[in-house]
Every structure is written in C-alpha cells, then in structure tokens.
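Notes to accompany the following structure.
The values are calculated or read from the model by the stated rules, or taken from the named source; none is laboratory data. Keep in mind it's a predicted model, so treat the numbers as computed, not measured. FYI the Cβ positions are ideal-geometry reconstructions off the backbone, even for glycines, and counts take in every protein chain you see. The protein model used for the area step is the full one, side chains on, heavy atoms only, and it has no ligands, DNA or RNA in it. Shrake-Rupley method; radii C 1.70, N 1.55, O 1.52, S 1.80 Å.
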Amino acid sequence: MTSQIKYFVLFSILFASPLYAQDWSEEKSPHFIVHHYKDRSFANQIKKASEKYYKEIAREIGFSRHSNFWTWDNRCHIYLFPNKETYIQSTKQPEWSAGAADYTNRSIYSYKGSKSFLTALLPHELTHLIFRDFVGFTGQIPLWLDEGLAQYEEKEKLLDLRKQVKEVVEAEKQIPLIQLMQLDVRGSKDTALVALFYAQSSMLVGYLIEEFGPDKFTHFCRQLRDEKGVEEALTFAYPGKFRTIEELEEAWVDYVQSTF
Ligand SMILES: [Zn+2]
C-alpha cells in the first residue's frame with residue numbers, strides 16, 4: 001500500500017470549518033493522539049491497538065532502543081474521519097483508499113467503518129512511520145525493503161503470503177531477487193506483478209528477521225541508511241552468510257522450500 005500523502009491540505013479544510021472544529025476530540029496515550037469526530041469508542045479501540053502494534057513492531061524489527069521518542073509533542077497523530085466521503089474529500093485520496101500516512105508529519109488518516117484499517121492498514125502504515133524514523137529519508141532505502149517490511153507486519157495475511165510464495169518458488173516463477181530489488185511497482189497497472197512483488201518482498205524480509213534476528217536486521221538497515229549498497233550492507237550485517245544477491249536468493253529459496 002503506497003497511499004502516502006506528500007502534500008497535505010487537510011488542516012485548511014478541516015479546521016477552518018466551524019462545523020468540524022468544534023466537534024473534533026482527542027484521545028491521548030503515551031505515543032499517540034487519536035483525533036475523532038464524536039466517536040470515542042472507536043478512537044479508544046484504535047488507541048489501544050496502536051500502542052500494542054508500536055511495541056510489537058519496534059521490538060520485532062529491532063528498533064526498540066532507537067524509536068522511543070514518539071512521546072509528548074512527537075506523538076503520532078491518527079485522524080479518524082466520520083465517514084469515507086469526508087475522508088476522501090479532505091485527504092484527496094483515490095476512491096479505493098482505506099487510509100493513508102503522511103510520513104513527514106507522522107500522521108495516519110482513515111475513517112469510521114474502514115474495514116481493513118485496524119488489522120491491516122494501521123500496522124502497515126505504523127511500520128512505515130517507525131522505519132522512516134530510523135532510516136530517515138536520505139539513504140538508499142529500496143522499495144522491496146520498505147514495503148516488504150510493512151507488509152510483513154500485517155500479520156493476518158502472512159499465512160496466505162507464505163502459501164503463495166511457496167507455490168511460486170516451487171514453480172520457479174518468482175521474480176529474481178536482482179530484479180525485485182530494482183523494481184518500483186508504484187503506478188504499475190500489472191496487478192499480478194504488484195501482488196507478487198509485495199508477497200515476495202515480505203517473505204524476504206521475514207527470512208532475514210526470522211532466521212537471523214532483529215539485531216542483524218537493524219544493522220543491515222543502518223548500513224543502507226548510511227548509503228551503502230545492498231550487497232555491501234548484506235556482507236556487513238550477515239558476515240559469512242551471503243556476499244551477493246545471488247547467494248541471498250539461493251539461501252532464501254532453500255528457506256521457502258523447507259520452512260513454509
Ligand atoms: Zn506501504
């Protein structure tokens with residue numbers, strides 16, 4: 001999911017309107033402020049789930065020690081619009097969008113009744129925000145890593161993704177990793193390719209985390225943040241394991257075939 005909002009006009013629309021301004025409320029927790037429109041119960045549910053995801057995601061990807069500054073004025077903002085219509089109008093997102101994130105303002109937007117928000121979009125977008133806090137915007141962070149990680153944290157889908165990737169690997173129809181790592185599917189109309197890109201990327205991230213642990217994964221991300229190429233970063237973070245993308249692919253294919 002790449003419905004990132006780059007430039008945002010929400011505030012001029014939302015808070016300039018007297019109707020909206022007086023009816024919005026906030027629910028606060030240590031790392032989140034949930035803004036809602038007369039819907040305290042849904043907002044509290046989101047607030048609770050967000051804190052849980054925040055801890056789990058940061059721990060699993062090894063960033064716990066680095067990402068503990070989402071507090072006080074740096075809390076993450078979540079805006080819950082009263083319905084899909086006002087959400088689409090205010091955020092200028094496409095009709096199909098169920099939610100979106102604004103990385104630079106550490107904010108997430110969705111609406112009441114958005115079905116996939118709590119279990120899919122929220123952990124996905126939170127992962128992007130936590131990851132960006134750690135790696136920043138200057139290093140060469142490839143799309144497979146950014147989206148693969150966010151997809152991997154949508155735990156509900158993992159079982160299906162594992163099955164899908166295993167089938168593809170057994171039929172030798174996977175995207176070669178050397179291509180996967182160059183691929184930018186944003187804007188692609190080839191839905192099968194996009195789906196495979198997300199599935200494979202998440203299983204590759206899963207392999208690195210599950211087999212070698214969060215510390216090495218953090219180390220790998222740090223190398224990329226510091227502008228090393230993927231192969232150099234792999235050699236640094238996983239010494240003796242794989243020196244090239246081909247070696248990584250070989251090990252990953254073995255893992256998919258023997259584990260899933
Ligand atoms: Zn995404």
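From the list Y87, Y79, Y20, the one residue that fits, being within 23 Å of P123 (Cβ to Cβ), in a helix (DSSP H, G or I) and either modelled with pLDDT under 90 or among the hydroxyl-bearing types (S, T, Y) (or both), is Y87.
Just one residue in the set L183, L161 is within 24 Å of Y255 (Cα to Cα), assigned to a loop (DSSP other than H, G, I, E, B) and within 15 Å of the ligand (Cβ to nearest atom); that residue is L183. One residue is enough: does the stretch 127-137 have a residue meeting the conditions open to solvent by 30 Å² or more (accessible area, probe 1.4 Å), more than 16 Å from the ligand (Cβ to nearest atom) and in contact (Cβ under 8 Å) with a residue 12 or more places away in the chain? Scanning the stretch 127-137 turns up no residue that is open to solvent by 30 Å² or more (accessible area, probe 1.4 Å), more than 16 Å from the ligand (Cβ to nearest atom) and in contact (Cβ under 8 Å) with a residue 12 or more places away in the chain. Select from the stretch 103-126 the residues that are among the small types (G, A, S) and either over 23 Å from N74 (Cα atoms) or open to solvent by 30 Å² or more (accessible area, probe 1.4 Å) (or both) and write down the one among them that is nearest to the ligand (Cβ to nearest atom). Only one residue tops the list, namely A120. Looking at this structure, is V194 part of a helix (DSSP H, G or I), over 18 Å from K155 (Cβ atoms) and in contact (Cβ under 8 Å) with a residue 24 or more places away in the chain? When the stated conditions are applied, V194 does not pass them. Look at Y53 and say whether it is within 15 Å of the chain's Cα centre (by Cα) and open to solvent by less than 40 Å² (accessible area, probe 1.4 Å). Yes. Considering (1) assigned to a helix (DSSP H, G or I); (2) open to solvent by 10 Å² or more (accessible area, probe 1.4 Å), the lone condition that F69 does not fulfil carries the number (1). Being more than 30 Å from V205 (Cα to Cα) and small (G, A, S): is that true of S50 here? For S50, the condition - more than 30 Å from V205 (Cα to Cα) and small (G, A, S) - is not met.
When the stretch 184-197 is filtered for residues that are surrounded by 18 or more Cβ atoms within 10 Å (Cβ to Cβ) and within 18 Å of I245 (Cα to Cα), only F197 remains. Checking each residue in the stretch 139-156 for being crowded, with 17+ Cβ neighbours inside 10 Å, more than 9 Å from the ligand (Cβ to nearest atom) and among the charged types (D, E, K, R) picks out E153, E154.
Of all residues in the stretch 163-212, exactly one satisfies the criterion of being modelled with pLDDT of 95 or more and on the phi > 0 side of the Ramachandran plot, namely E172. Would you confirm whether any residue within the stretch 234-251 is more than 26 Å from L121 (Cα to Cα), part of a loop (DSSP other than H, G, I, E, B) and open to solvent by less than 20 Å² (accessible area, probe 1.4 Å)? Within the stretch 234-251, one or more residues are more than 26 Å from L121 (Cα to Cα), part of a loop (DSSP other than H, G, I, E, B) and open to solvent by less than 20 Å² (accessible area, probe 1.4 Å).
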